[in-house]
1. Mind checking which residues of segment 213-238 are in contact with a helix residue (DSSP H, G or I) (Cβ under 6 Å, 6 or more places away or on another chain), touching a residue at least 60 places away in the same chain (Cβ under 8 Å) and more than 13 Å from the ligand (Cβ to nearest atom)?
2. How many residues are in contact (Cβ under 8 Å) with a residue 24 or more places away in the chain, more than 9 Å from the ligand (Cβ to nearest atom) and in a loop (DSSP other than H, G, I, E, B) if we restrict to segment 12-35?
3. Going through 119, 64, 76 one at a time, which residue ends up being modelled with pLDDT of 95 or more and touching a helix residue (DSSP H, G or I) at 6+ places or on another chain (Cβ under 7 Å)?
4. So which residues in segment 87-118 are touching a residue at least 40 places away in the same chain (Cβ under 8 Å) and either assigned to a helix (DSSP H, G or I) or over 19 Å from the mean Cα position of the chain (by Cα) (or both), if there are any at all?
5. So, of the residues in segment 246-277 that are in a strand (DSSP E or B) and either within 20 Å of the chain's Cα centre (by Cα) or touching a residue at least 60 places away in the same chain (Cβ under 8 Å) (or both), which turns out to be surrounded by the fewest Cβ atoms within 10 Å (Cβ to Cβ)?
6. Among the listed residues 163, 154, identify the single one that is in a loop (DSSP other than H, G, I, E, B), surrounded by 14 or more Cβ atoms within 10 Å (Cβ to Cβ) and over 20 Å from the mean Cα position of the chain (by Cα).
7. Within segment 1-11, restricting attention to residues that are crowded, with 21+ Cβ neighbours inside 10 Å, within 12 Å of the ligand (Cβ to nearest atom) and not in a loop (DSSP other than H, G, I, E, B), which residue is nearest to the chain's Cα centre (by Cα)?
8. Condition first: away from the ligand (no atom under 14 Å from the Cβ) and in a loop (DSSP other than H, G, I, E, B). Now tell me which residues in segment 63-86 satisfy that.
Ligand SMILES: C[S@@+](CC[C@H](N)C(=O)[O-])C[C@H]1O[C@@H](n2cnc3c(N)ncnc32)[C@H](O)[C@@H]1O
């Protein structure tokens, strides 16, 4: 039994099912309904072998219970957003295309990025941008946001991207190794809107009750705030003798993969083999 905690468009799930052979079954989880529809289509040919759940992966154990599965033989999580999220302006993740400041992965979630940007106190905003974006100009950016929203509610992605860019001193704005000046602020808002780090911690904590002895768990992260908790959780399990590290150093994309898929640039994969409690 394979569990893809972030089934997305079904690419990994399809590859896993093909690699695992005709007896393998897969549970796919995603909190984005539109991605689940795409995954359903892509995985249709596997028939009853696939079950998809609209859920947060923090509910991994509950999903296994609902599927009547005591434990899994492989668990994969490929964190964050999909390329389709970044490419669809109306989802509000992109600072390059104009769209509403939404950023919710789960359309039922209570807060959009627009709510945070317009309602948080200046200090709360600065802390959020610093903590989840590791943005050194967080205070200046928060000040600029508050000044701008006094004039008019901020509701569009490009509006926010401009406000952020103008708050960063010009030399720093142009020296960010090609990254857009709003990258870190957008990352911070996305993490806060979707409560991403809390979900990750909960899922990592649930692995012990979700894996069969000999099972493998792998997580692909895209920035240090995600990679750190994964590294720590896996190291703790290994030092307690419950798991064996399969990756002393994270696996990263090679030159060719980065050329073919620039978004693989920041991906880091870490994996363990579960030994048992
Ligand atoms: C990088 S994409 C995964 C792409 C997938 N591996 C594929 O092959 O198409 C991440 C997916 O995880 C989902 N996601 C992110 N955080 C989640 C969470 N806490 N619970 C459930 N799904 C989540 C997103 O909606 C998105 O579809």
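1. Listed by number, the list holds a single entry, 217.
2. Result for segment 12-35: 2.
3. 76
4. Answer for segment 87-118, where residues must be touching a residue at least 40 places away in the same chain (Cβ under 8 Å) and either assigned to a helix (DSSP H, G or I) or over 19 Å from the mean Cα position of the chain (by Cα) (or both): 89, 96, 97, 98, 99, 100, 113, 114, 116, 117.
5. Taking segment 246-277 as the starting set, the residues that turn out to be in a strand (DSSP E or B) are 251, 268-274.
Within this subset, residues satisfying the condition of being either within 20 Å of the chain's Cα centre (by Cα) or touching a residue at least 60 places away in the same chain (Cβ under 8 Å) (or both) are 251, 268-272, 274.
Numbers: 251: 14, 268: 21, 269: 18, 270: 22, 271: 20, 272: 25, 274: 24.
Residue satisfying both the conditions and the ranking: 251.
6. Going through 163, 154 in turn, the sole match is 154.
7. Applying the filter and picking the extreme gives 4.
8. Once the filter is applied, which keeps residues that are away from the ligand (no atom under 14 Å from the Cβ) and in a loop (DSSP other than H, G, I, E, B), segment 63-86 yields 67, 68, 69, 70, 71.
The values are calculated or read from the model by the stated rules, or taken from the named source; none is laboratory data. Quick caveat: nothing in here was measured; it's all calculated off a predicted structure. When we count neighbours, we look across all protein chains shown, and the Cβ atoms used for this are built from the backbone with ideal geometry, even at glycine.
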